[in-house]
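The values are calculated or read from the model by the stated rules, or taken from the named source; none is laboratory data. Every value quoted in this text rests on a predicted model; they were computed, and no experiment measured them. Cβ sites come from the backbone with ideal geometry, for glycine too, and all protein chains shown count toward neighbours. Note: areas computed on protein heavy atoms with side chains; ligands, DNA, RNA excluded. Shrake-Rupley method; radii C 1.70, N 1.55, O 1.52, S 1.80 Å.
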Amino acid sequence: MVNIASEEYAKYLLPSSSEYNTQEAKLGGGWFLDKAMADNLVALAKATDSQLVINNAYRKPYLDVDGGSTKTKATHGIGQAVDISTYIKKGETYGAALAKGAARKLELGATVLTDDRFKGKLAFGGSIYGKSGGATKTVTPLTSNKSITIRDLNLSETMHFESEENAAIIKAMTDEELLKLNATVQAMANSRDGRTATPAKPEFTMKNADGTTYTIPAEPALDARDLRVKEFTVDTVTGAVTDIGYSDRSKLKVGSGKLKSDSAPLQNDPDILIDPDLKHTLSVTSRPGASRDKATVSDDPFTTAYGASDGKQGSMGDFMTFQGTPVKIPSRAADGTIPRVVEIDSRQFNNGIDNYRDAAQIKKITNKLVKNAMPGKHPFGAQLKHDGSPAAIKLVLDDVFKDKRTDAAKKAWEKITKSGIDYIDNFVLSRMSEVNSERYQILQSITDDYKIYFSGKSPVVTSIGGHMLNTYNQQWWYDFEYFYDNYLRGSKAV
């Protein structure tokens, strides 16, 4: 990873001077990019004889930016994607170039689509995230006089450019790898190595109480130093960081106070910690793969919010929203009279109480199916789950069957494992028994003698019992019934 605000890259990739770069101010990472991606962007700038104005580079995945109006995907989450505001020609002002940004982003996109030097290296967001029925534009590339027509253009994504392999890499990464990479980039963005200037200290001799002496050696003068991370290498599998290179802050082409590290202490070793908020977000967010305009979750009603059995609609994240139902007391009845007595649904009170009591711990909820109530609490409103499910039934692929599955079975197993929901825990376990027995036969003779023949162990039978809640918003039975009928019962599982 390299910092494109460093002087080597900022000659060609100009960090935006606007406040729009929210991922640097709030989410960390900022101007770091994968080196190959940064080098390809430099090549694009050289080929077009211009500076590219980079709006943002690395961005923390799956979180709100732009004041909470936009839910990010993982497309910026490995440093192989940027948003470009415009390009600047020699002698041109920033403001003049920015005013022409809409047309210039299309020109850069057309260049990436047509120039052989960038095919297989860079992809244009307006095209790869195009929507059916989107705009059609005729554009002339910057390195050719031959115009092209870009169909189904997504105008909101014309500033987005990423590596050709960006989506495939993200899709192949595990959540743990993405977490490690994000933690490293944030730590590097927040890292600062510096010191204040100190004068030289001469050598001098000190005398002990017993008359003996000892010498304190001289110390040379030290200049002030303020270093920030310019480059580093990270192993996404292990999370190990090596080859950290530093640059003086004055050489980074970003204004004072605009970097995460500007508020860090002078002496700062990178503290690489997995962000619990991001870990929670990853656990409830379906991996988007390549496209943010196509459905990012399966159409299976068990794994999505659409058509879910509890009747709620929206994205999977909506099931984690922790909002208390306000108590509404009407000031005037429908007939115009003012009521002296108002009946208030107790569910409103319970929901409101739960909201304030549990808001600080809401991050413990892991997915939309977690509806287990904690002991002593009525299941109204959002409920918390124990750290670790008290009981769950999980589908596990036995090694005996791995090489004996049909194509249909393989696809079915791939579907349920990709969904991330291969278990059911919408029940409260109340009893469990296990029967172990031996198969035997008793043969009696006409006398008091008899013979017993043992023929091996009988199948172990485990009986599990419990109960399910079926309230207005905790309709566990329907989820369990769906899971059982489609996945869990013997013939389906086999």
Length gained if Glu176 through Ala47 is fully extended, taking 0.36 nm per residue and subtracting the Cα-Cα distance, is 42.7 nm
Please give the solvent-accessible surface of Thr136 in Å², to the nearest 10, using a probe radius of 1.4 Å with every protein chain present. 80 Å²
Report the gain in length on full extension from Ser156 to Ala209: 0.36 nm times residue separation, minus Cα-Cα distance, nm rounded to one decimal. 11.2 nm
With a 10 Å radius around each residue's Cβ, average the other Cβ atoms per peptide and rank 101-110, 393-402, 82-91, highest first. 101-110, 82-91, 393-402
Rounded to the nearest Å, the spacing of the alpha-carbon centers of segment 171-195 and segment 425-489 is 49 Å
In percent, how large is the relative contact order of segment 75-178, given Cα pairs closer than 8 Å and 6 or more residues apart? 32 percent
Would you pull out the residues with amide H under 5 Å of His160's amide H, same chain only if 5 or more places away, H placed 1.01 Å from N? Ile84, Gly125, Gly126
Förster radius 51 Å - calculated FRET efficiency between Lys394 and Thr149, Cβ distance, rounded to 0.05: 0.50
Need one number: nm distance between label points at Thr462 and Ala224, each 7 Å from Cα along Cα→Cβ, rounded to one decimal. 6.7 nm
How high is the FRET efficiency between Thr242 and Gln267 when r is their beta carbon distance and R₀ equals 25 Å, given to the nearest 0.05? 0.75
Net charge within 12 Å of Gly120 by Cβ-Cβ distance, Lys/Arg positive one each and Asp/Glu negative one each, not counting Gly120 itself? -1
For labels at Ala408 and Tyr478 in the simple 7 Å Cα→Cβ model, what's the distance in nm? 2.9 nm
Applying a 10 Å radius around every beta-carbon, put 444-457, 181-194 in order of their mean neighbour count, most first. 181-194, 444-457
Computed from the beta carbon distance with a Förster radius of 60 Å, FRET efficiency for Thr198 and Leu98 to the nearest 0.05 stands at 0.85
Taking every alpha carbon pair in segment 84-208, what does the distance histogram look like in 5 angstrom bins from 0, in percent? 2, 9, 13, 14, 13, 11, 10, 8, 5, 3, 3, 3, 2, 2, 2, 1, 1, 0
In whole Hz, with x marking every Gly and Pro, tabulate ³J(HN,Hα) for segment 74-83 from phi via Karplus 6.51 cos²θ - 1.76 cosθ + 1.60, θ = phi - 60°. 8, 4, 9, x, 10, x, 10, 8, 9, 10
Roughly how many nanometres apart are two label points built 7 Å out from the Cα toward the Cβ at Lys35 and Lys418? 3.4 nm
